[in-house]
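Student: Encoded as structure tokens, here's the structure I'll be asking about.
The values are calculated or read from the model by the stated rules, or taken from the named source; none is laboratory data. Keep in mind that what you see is a predicted model, and the values were worked out from it rather than measured. All Cβ positions, even for glycine, are placed from backbone atoms using ideal geometry, and neighbour counts span all protein chains on display. The area values use the complete protein model at the heavy-atom level, side chains included, leaving out ligands, DNA and RNA. Shrake-Rupley method; radii C 1.70, N 1.55, O 1.52, S 1.80 Å.
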Amino acid sequence: VSARELVVLGTASQAPTRYRNHNGYLLRWDGTDILFDPGEGTQRQMLWAGVTASRIRVICITHFHGDHCLGLPGVLQRLALDGVTHPVDVLFPASGLPFFERLRHASVFRDDGLDIRPVPVHSDGPVIRIEPSLTISARRLDHEPETFGWRVEEPSSRRMLPDRLAELGIEGPAVGQLIRDGILDIDSRRISVDDVSSPRRGQSTAFVMDTGVCQAATDLAGDVYLLVCESTFASSEQALARRWRHLTAADAGNVARDAGARLLVLAHFSQRYPDVTRLVEEAAAVFPSVVAAADLERVAVPARQKGSERDRGPDGIGTGTASGT
Ligand SMILES: [Zn+2]
């Protein structure tokens, strides 16, 4: 069981279908769950997917079209029902504050124990940091109304190199001391942790919903491990995509390729495609590492590749706060 995975709750753009719920994507990252764009029916989809609302720590809303937010009241009331007392940050475009307020108080329920913290986002950049080491940042996309894409990222860390340690005769508690202090004096030599470790890129996920073709989407997804990207239309409907500022599957492939993403997950499908095989094929023509999100399925955040171009160095002990594989 992957500790870092995407649980797909719904994939329908605009209107749900018999096979696709409104949007809803739960990113599970070790002990922290981040819910993106809870569309209508998200609470029940979570039940079907076998995940509980009580681990949700952050909710990110890209924009306030109904297919991306109508499930928020249900999820919040479920948190109250489950007696969740930890804070839950809700990130959303600042101009959508009135809509957030309505959804927050959409009906009568007992929410005196609930600690919901609205985080209206005004501009690009880091928004919150979740202890111990996750950062969520925002990037404005090209859609109407105001829309932000999200990026979840752990910091880079360092990977200890056993060969180098052995060469220098550093072992046992001395390794721990070197990691802790960053330096170690041994045989009248000073060893820096950089001498015996290599950089290790942190894992990351980007979430690009409802946007026309724009550089911001590519920037947001730069070198990301997992890219969840809207793919409303097939190429045959490209004119519609341009008109309504959405992406085709090929556009999503372009974003993934240009960003250097590891894995692309297509999502947010128009109801005109009961079968999205064609969309996967169109994206794969540009970027082969692609799958289509399907309701209630899970997609693991790709593992770091050992010794690869992107992440050199043998396995060892991370010296940063990052964890996972
Ligand atoms: Zn939408």
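Student: Would a scan of segment 180-194 turn up a residue that is at pLDDT below 95 and either of a type in the set (S, T, Y) or under 16 Å from D258 (Cα atoms) (or both)? Working first, answer last.
Tutor: Taking segment 180-194 as the starting set, the residues that turn out to be at pLDDT below 95 are 180-194.
Those still in the list that are either of a type in the set (S, T, Y) or under 16 Å from D258 (Cα atoms) (or both) too: 188, 192.
Yes.
Student: Please pick out the residue among D37, D82 that is within 29 Å of E131 (Cβ to Cβ), free of Cβ contacts under 8 Å to residues at least 60 places away in the same chain and of a type in the set (D, E). Reasoning before the result, please.
Tutor: Working: D37 fails: free of Cβ contacts under 8 Å to residues at least 60 places away in the same chain.
Just one listed residue meets the conditions, D82.
Student: Here is a follow-up. Is it the case that P132 is at pLDDT below 95, open to solvent by 70 Å² or more (accessible area, probe 1.4 Å) and closer than 25 Å to G202 by Cβ?
Tutor: yes
Student: If we scan segment 229-236, do we find a residue that is within 16 Å of the ligand (Cβ to nearest atom), aromatic (F, W, Y) and touching a Lys or Arg at 6+ places or on another chain (Cβ under 9 Å)?
Tutor: Checking segment 229-236: at least one residue is within 16 Å of the ligand (Cβ to nearest atom), aromatic (F, W, Y) and touching a Lys or Arg at 6+ places or on another chain (Cβ under 9 Å).
Student: Pull up segment 101-110, narrow it to residues that are open to solvent by less than 70 Å² (accessible area, probe 1.4 Å) and farther than 24 Å from H122 by Cβ, then point me to the one that is nearest to the chain's Cα centre (by Cα).
Tutor: Filtering first and then ranking leaves A106.
Student: Let me ask something else about it. Do we find that P98 is open to solvent by 60 Å² or more (accessible area, probe 1.4 Å) and away from the ligand (no atom under 16 Å from the Cβ) in this structure?
Tutor: On the way: open to solvent by 60 Å² or more (accessible area, probe 1.4 Å): yes; away from the ligand (no atom under 16 Å from the Cβ): yes.
Yes: the conditions hold for P98.
Rundown of residues vs (1) open to solvent by less than 10 Å² (accessible area, probe 1.4 Å); (2) more than 16 Å from the ligand (Cβ to nearest atom); (3) more than 17 Å from the chain's Cα centre (by Cα), yes/no style:
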{"site": "R18", "(1), (2), (3)": "no, yes, yes"}
{"site": "G24", "(1), (2), (3)": "yes, no, no"}
{"site": "R28", "(1), (2), (3)": "no, yes, no"}
{"site": "T52", "(1), (2), (3)": "no, yes, yes"}
{"site": "G71", "(1), (2), (3)": "yes, no, yes"}
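Student: Only residues that are exposed (fewer than 14 other Cβ atoms within 10 Å of the Cβ) and either among the β-branched types (V, I, T) or closer than 27 Å to F269 by Cα (or both): list them for segment 73-93, please.
Tutor: T85
Student: Kindly provide the set of residues from segment 135-155 that are open to solvent by 10 Å² or more (accessible area, probe 1.4 Å), within 16 Å of the chain's Cα centre (by Cα) and modelled with pLDDT under 95, ordered by number.
Tutor: Of everything in segment 135-155, just one residue is open to solvent by 10 Å² or more (accessible area, probe 1.4 Å), within 16 Å of the chain's Cα centre (by Cα) and modelled with pLDDT under 95, namely P155.
Student: If you go through segment 298-305 one residue at a time, do you hit one that is modelled with pLDDT under 95, loosely packed, with under 15 Cβ neighbours inside 10 Å and away from the ligand (no atom under 16 Å from the Cβ)?
Tutor: Yes, segment 298-305 contains a residue that is modelled with pLDDT under 95, loosely packed, with under 15 Cβ neighbours inside 10 Å and away from the ligand (no atom under 16 Å from the Cβ).
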